[in-house]
């Protein structure tokens with residue numbers, strides 16, 4: 001049964017953040033808040049944990065996971081990021097954006113787009129996520145918390161616990177979130193293109 005931590009959305013309790021990271025490091029799958037929705041997350045190297053996320057969401061092996069990163073230093077480790085991409089991402093983050101970039105060898109092949117060898121990355125504007133990532137010291141492998149046959153992510157942590165308490169190791173309650181999709185920006189040949197307009201605004205690409 002999932003543990004349930006109520007973490008302050010603006011001033012996360014350090015003790016609870018450490019406990020949450022201990023759960024992640026032991027292979028646990030967690031539900032946690034971002035700046036756009038609740039998400040499912042686990043440590044990058046645990047294939048079994050990624051498979052748990054796929055089972056919860058009933059996804060096939062073609063699903064594109066996202067690496068949720070603390071900063072551009074982490075992004076640079078896991079993606080091939082040109083100067084113009086670096087400058088654009090720096091200007092838009094932290095924020096409600098997902099960037100699709102070429103993956104480096106640090107990203108397991110099972111997580112890359114099988115044809116394009118790309119990976120989505122995020123730097124969310126959410127104090128709970130930032131505290132988790134700093135304590136963890138590496139990105140979270142993540143997927144938006146949308147249940148099978150549903151269109152929108154779950155937004156209420158109590159509802160998440162009711163639905164998934166036997167599937168997850170931890171539910172982090174960071175308050176109810178007004179779900180909005182991220183803006184997705186794809187980088188091809190060093191050019192940036194918005195492929196989904198969401199919450200994040202990038203007027204320089206209009």
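At 0.36 nm per residue, and after removing the present C-alpha to C-alpha distance, how many nm does the segment from residue 57 to residue 26 gain when stretched out fully? Please report the intermediate quantities before stating the final value.
On the way: separation 31, 0.36 × 31 = 11.16 nm, distance 2.14 nm.
The residue 57-residue 26 span can extend by a further 9.0 nm.
How much mean residue ellipticity at 222 nm does the chain get from its helices, if each DSSP H run of length 4 or more adds -39500 (n - 2.57) and you divide by all residues, to the nearest 500 deg cm²/dmol?
Values: 6 runs with 58 residues, N = 206.
Helix-only estimate at 222 nm: -8000 deg cm²/dmol.
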Open item on the list: Just to confirm the number: angle between the C-alpha axis of helix 83-92 and the first principal axis of the chain, 0 to 90 degrees, nearest 10?
Closed with: 40 degrees
Task: Inter-label distance, nm, simple model (7 Å from Cα along the C-beta direction), residue 76/residue 149 - done: 4.8 nm
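Over segment 72-158, what is the mean sequence separation of C-alpha contacts under 8 Å (at least six apart), divided by residue count, expressed as relative contact order in percent? Kindly include the intermediate steps, with their values, before the conclusion.
Details: 78 pairs, mean separation 21.1, N = 87.
Once divided by the residue count of segment 72-158, the mean separation gives 24 percent.
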TODO: Enter the angle in degrees (range 0 to 90, nearest 10) between the Cα long axis of helix 127-136 and the first principal axis of the Cα atoms of the chain, meaning the one along which they spread out most.
DONE: 90 degrees
Task: Overall dimensions of segment 3-205 as given by Cα atoms, namely Rg and Dmax in Å - done: 15.8, 45
TODO: Could you check the simple spin-label distance between residue 106 and residue 125, using points 7 Å along Cα→Cβ, in nm with one decimal?
DONE: 2.5 nm
Task: Neighbour-count ranking [beta-carbon atoms within 10 angstrom, fewest first] of 90, 109 - done: 109, 90
- [ ] With everything on Cα atoms, drop me the angle between helix 47-57 and the longest principal axis of the chain, reported from 0 to 90° to the nearest 10.
- [x] 80 degrees
- [ ] Take the chain, connect every pair of alpha-carbon atoms lying under 10 Å apart with a spring to form a Gaussian network, then pick out the residue of 15, 196, 161 with the largest mean-square fluctuation.
- [x] 15
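Provide the FRET efficiency to the nearest 0.05 for the residue 86-residue 166 pair, computing r from the beta carbons and using R0 = 41 Å. Show your work: numbers first, answer last.
On the way: r = 42 Å, r/R0 = 1.03.
Efficiency, rounded to the nearest 0.05: 0.45.
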Open item on the list: Please report the antiparallel percentage of DSSP beta bridges with both residues in segment 3-205, rounded to the nearest 5.
Closed with: 65 percent
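Since every read-out is calculated from the coordinates, none of them should be taken as a lab result. Since the structure is predicted, the reported quantities are computational estimates derived from the model, not experimental observations. Backbone-built Cβ (ideal geometry, glycine too); neighbour counts: all protein chains shown.
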